[in-house]
1. Using a 10 Å cut-off around each Cβ, can you sort Val51, Val40, Val117, Val61 from fewest to most neighbouring Cβ atoms?
2. Most exposed first by the Cβ proxy, i.e. fewest other Cβ within 10 Å, how do Asp100, Asp90 rank?
3. With a 10 Å Cβ neighbour count serving as the proxy for reagent exposure, in which order, fewest first, do Arg85, Arg57 appear?
Amino acid sequence: MTDSTPHWYDDEAGPMVRLYAMTAGRARPSSAAFELMAVVHVESGPDEVPVLSPEQRAILVLCGDRPRPVAEIASDSGLPLGVVRVLLSDLLTEGLIRVDRPVPPAQLPDAHILREVIDGLRAL
């Protein structure tokens, strides 16, 4: 008699955790600070906080050696961007990370002014 139960993944894949279990059912972060290019800095290491999920601990370890943009954290952790944003918002609430948001385009210098500066420097 054959086993009629379908195999959804192989034995090497390991246990599967649903994404909503990692975020306690939340789909959106509690802060709007997590744009793709926002840079995350670690304020406290993963060993200093006893109660962290494995995913939060992995994010702190990833950012421990150097600050990283949110997009890079999602890529390197292998987690979806939405999940990473929710986990980062929890870490921010706990004071374990600091976020530097990119400068809005409206506050950047005008391209014409930058071109004049470059031309002036070349003239020297």
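Throughout, read-outs are computed from the coordinates displayed, never taken from laboratory work. Note that the structure is a prediction, hence the values are computed from the model and not measured. Reconstructed Cβ throughout: ideal geometry from the backbone, glycine too, with neighbour counts over all protein chains shown.
1. Details: Val51 6, Val40 24, Val117 10, Val61 14.
By the 10 Å Cβ count, ascending, the order reads Val51, Val117, Val61, Val40.
2. Asp100, Asp90
3. Exposure proxy ranking, most exposed first: Arg57, Arg85.
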